[in-house]
Each structure stands twice: as C-alpha cells, then as structure tokens.
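For reference, the structure discussed in these notes is given below.
Just so you know, all these numbers are worked out from the coordinates, no wet-lab data involved. These numbers come from a predicted model, not from an experiment. Cβ coordinates were reconstructed from backbone atoms using ideal geometry, including for glycine residues, and neighbour counts include every protein chain displayed.
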Amino acid sequence: MLPFKLVWSPGYDLHLGRHIFPAEKYQMIRDRLLRERVAGPDDFIEPAPASDDDALLVHTPAWVRALENGTLSIEERLRLEIPCSRETVEAFWLMTGGTIAAARNALRDRIGVNLGGGFHHAFPDHGEGFCAIHDVAIAIRRLQQDGAIRKAMVVDCDVHHGNGTAQIFSGDSTVFTLSIHQWNNYPSEKPPSNIDIHLEDGLGDDEYLKRLRTHYEGALAEFRPDLLMYIAGADPFMEDQLGGLLLTLDGLARRDELVINRAVMAGVPVCITLAGGYSFNVNDTVAIHMNTIKAAAEILRALAA
C-alpha cells in the first residue's frame, strides 16, 4: 500500500489515434503499478471532472466555449497540434479535476499524485503543444480561491519550457515559477519564469542535477510555498523523440528524489503530475513515471521510519 493516493481514471484516454503523444501511457502506468505490486487497487481514486468555474479561474470564457462546443478555428487546431474531439476535451477536463484532487491530497498526505496532467503550454485564451487547458494553474487557483493555500511554487522539469505557466503567473507574487528545460527546443518564444534554467543540447545527469539543485534549493527556502506543484516530465530522457538532453533513467530518478525530498523535508506538500514523455519505446516513458512514484513513496516511508 502506498503512503498517498494516486489519481487516475480510464477517462484519461485522449482519443488521439496514432500520435506521438502516447496517451495510452496512463492506463499502462496503472497496469504496471498493479502488476509489480507497487500499488494496490485501493491506492487509486477516480476524480470528478473540473467544472467550468474551475477552468474560468485561468481561461477566458471564449476559449472554454470553443473547446466545449468544438468551434476551434483551423489556426487554433494547428497550434494545439492534436485532434480535438469531444472525448479529448472531456479527458482534459477530467485530468484537470485529477490535478485538483491530487493537490488536495497533497495537503492532507504530504504528497499527491495525478497520473495525468502537467499541461504547461496552455494559455488563458488558447492551447499549444498538446495542451488545451492548464490543469496545474487551475488547481493552484482553485485551492487559493478555497482558502486552502496562499502561495504555490511550480517546479517544471519537462524538457520543454513552461511557457503557459510563465505567462499565466507573470507578476503574481503568490506563485513562484521555475522551469528547467532545453533552450534549443519548443517553444520558440519563452516568456520569463521567476527562474529559467536554460540548458544546452546534450546535457547529462550530473550537470543537470547540479544546476537544478543550485537554483531550486535556494528558491524553495526563500519563497516558502504552501504547496509545490511538481511537473515531472519524462522527456529529458536520452531516448526521447522530442528532447535533446541525455538524462538516464537513474538521472531522472535522482531528479525526482531531489525535488520531492527537499520539499517534504521543508514541510511543503508536493503535488506531482506525470507530464511529457515521447520515448521511442513507450515502456521507457512508463518506467520513468513509475520511478517518480517509487521515489515519492520511499521518501515518505523513510520519514515515517
């Protein structure tokens, strides 16, 4: 039994057909967790979909209506880069509800995990790069609106810059944003986060971890958030089709341990979303996400020992 809950639903299937985004990974992660007895059936909870009121805490009414009514323009569909059926939109709303639930779980259990989410390229008035709505930003705003938290910190370890996150929280003193990413990669325009760690092509484990630690530890100690939102991207992996960094499975596991452990030891709850991941072999992406969950569990068990 895990020391925290995993939020997941069969409705996370984005119905993308043959696409570089491996939406089948959500089911595969759950199945492998059960098969390897890392988790049991009681460790999973199904979320309710985010409400329109939740989405409107971040997104414009026009964008929410366009998604729900299926009236995206050709330009909007091209920018989104995925087919956008009714089922796809429902999955985004459901995964956003999952991130809200995982954030609430984190406040209770110190760690909460959503097997989906991390859609950091979504902007208030449009979607980009496979991201229709910004689940992480919506969860932060929902918990702030409810009075559950005042300050949040987003630590984005996807290989791609969190451009939507940076824009949404620009000038907001209640949310601190950190993005560590490959510089010479999508998106071409990178609005500034509070901290941007721009990495050169081909960077490996040790230098990545050194730079992350240098910036992250100081920011965490100084900002002292009520909640940390960890976007645990799988795509810094050395065999990722959309990445150009050279992190190994071990390096990514050490990254997870660094981010989660530092926060938990500082008394900061951690909400984890399993983002990104376009490995040539989808099983590698699943293994990376599995390792994130294992690292989180080991940290809490060590703390309880």
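Structure values in brief
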item	result
Percentage of interatomic Cα-Cα distances in segment 118-157 larger than 13 Å	54 percent
Lys/Arg +1, Asp/Glu -1 at C-beta; the chain dipole; positive extreme among 56, 234, 297	297
Dmax and Rg, reported as Rg then Dmax, of segment 15-167 (C-alpha, Å)	15.5, 45
For the chain: relative contact order, % (alpha-carbon pairs under 8 angstrom, 6 or more apart)	19 percent
Ranked list, fewest to most other Cβ atoms within 10 Å of each Cβ, for 30, 224	224, 30
Of 137, 147, 71, farthest towards positive along the dipole that unit charges on Lys, Arg, Asp, Glu beta carbons give the chain	147
P(r) weight above 18 Å for segment 155-211, C-alpha pairs, percent	29 percent
Over the chain, equivalent-ellipsoid semi-axes from the Cα gyration tensor in Å	25, 21, 21
Electrostatic dipole magnitude of segment 45-143 [Cβ: Lys, Arg +1; Asp, Glu -1; Cα centre; debye, to 20]	340 debye
Using alpha carbons only: equivalent-ellipsoid semi-axes of segment 44-128, gyration tensor based, whole Å	25, 12, 11
C-alpha center-to-center spacing [segment 1-63, segment 109-179] in angstrom	16 Å
